[in-house]
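The values are calculated or read from the model by the stated rules, or taken from the named source; none is laboratory data. Predicted model only: the values in this text are computed from it and were never measured. With ideal geometry, Cβ positions are generated from the backbone for all residues, glycine too; neighbour counts draw on all protein chains shown. Side chains are part of the model used for accessible areas, which takes the heavy atoms of the whole protein and leaves out ligands, DNA and RNA. Shrake-Rupley method; radii C 1.70, N 1.55, O 1.52, S 1.80 Å.
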Amino acid sequence: MNGLLKQTLAGLRVLIVLTVLLGVLYPLGVWLVSRIPGLESNAEGSIITQDNQPVGSSLIGVDLQGDQWFHSRPSAGSPSASGASNKGPANPDLLEAIAKRRAAVAALEGVQPSQVPLDAVTTSGSGVDPTISVEYANLQVARVARVNGLPEAKVRELVDANTAGVLPGVNVVKLNLAVRDAAGGAR
């Protein structure tokens with residue numbers, strides 16, 4: 001009986017020590033590291049704010065509905081979930097979906113289907129990419145300018161101002177905020 005009591009007390013001590021270490025001190029340490037200047041933006045989800053109000057994230061793409069906005073890549077998942085479809089490039093369902101998206105984008109933008117860039121019709125691995133290609137952004141300039149009553153040259157300037165990266169991409173959330181501001185405020 002004495003041996004069983006010793007083992008129980010030793011197990012209880014290990015449980016308490018590990019609970020304090022891994023349940024309190026480790027999460028507190030991770031949180032403290034996230035407060036180091038330069039890391040806090042990434043730790044908080046890279047929130048974009050305007051007038052001290054959160055309006056989106058520079059790391060998560062949001063596709064606003066309406067012709068006045070630039071559209072992001074299509075998502076393979078639902079709005080509440082992300083993820084790829086896992087369909088191969090020869091999958092007939094995937095090819096049909098791409099063809100439908102290509103026709104829809106071409107009709108919306110008033111161009112030939114062959115002029116629609118690949119990222120306008122294919123989903124990303126996560127389904128929530130924050131950026132689109134410069135080609136896809138440029139394809140949408142005429143529509144966005146027309147609907148918002150802005151000169152195309154001004155909208156092209158906004159696309160250029162929101163283009164960044166080694167493989168140049170346009171952050172859709174930031175670009176749509178710039179369009180909103182240029183068009184005269186919140187819509």
Original post:
Ranked highest first by average number of other Cβ atoms within 10 Å, how do 87-100, 2-15, 165-178 line up?
Top reply: 165-178, 87-100, 2-15
Subject >> Reach of K100 by Cα under 24 Å, taken over lysines that are not fewer than 8 positions away in the same chain >> reply: K87
Original post:
Which length gain, in nm to one decimal place, applies between V134 and L4 when the Cα-Cα distance is subtracted from 0.36 nm times their residue separation?
Top reply: 39.9 nm
Original post:
What residue among I60, V170, T131 has its Cα farthest toward the positive end of the dipole of the chain, where the charges are +1 on Lys, Arg and -1 on Asp, Glu, each on the Cβ?
Top reply: I60
Original post:
Packing-wise, with mean Cβ within 10 Å as the measure, how do 112-118, 145-151 rank, highest first?
Top reply: 145-151, 112-118
Original post:
Normalised by the number of residues in the chain, what is the relative contact order in percent for Cα pairs under 8 Å and 6+ residues apart?
Top reply: 20 percent
Subject >> Cα-Cα P(r), the chain, percent of pairs per 5 Å interval >> reply: 1, 7, 12, 15, 15, 12, 8, 6, 5, 5, 4, 3, 3, 2, 1, 1, 0, 0
Subject >> Net dipole in debye of the chain [+1 Lys, Arg Cβ; -1 Asp, Glu Cβ; about Cα centre; nearest 20] >> reply: 480 debye
Original post:
In segment 164-185, which residues have a backbone nitrogen under 14 Å from the label point lying 7 Å from Q50's Cα in the Cα-to-Cβ direction?
Top reply: 172-185
**OP:** Would you work out what percent of the accessible area of the chain, with all protein chains in place, is carbon or sulfur (probe 1.4 Å)?
**Re:** 62 percent
Original post:
When the helices in the chain are scored as -39500 (n - 2.57) per DSSP H run of 4 or longer and the sum is shared across all residues, what 222 nm value do you end up with, to the nearest 500 deg cm²/dmol?
Top reply: -14500 deg cm²/dmol
Subject >> Surface per residue (accessible, 1.4 Å probe) for the chain, Å² >> reply: 62 Å²
Original post:
Points 7 angstrom from Cα along the Cβ direction at A107 and A142: gap in nanometres?
Top reply: 1.8 nm
Original post:
Could you name the lysines in cross-link range of K154, using Cα to Cα under 23 Å and dropping any fewer than eight places away on the same chain?
Top reply: K174
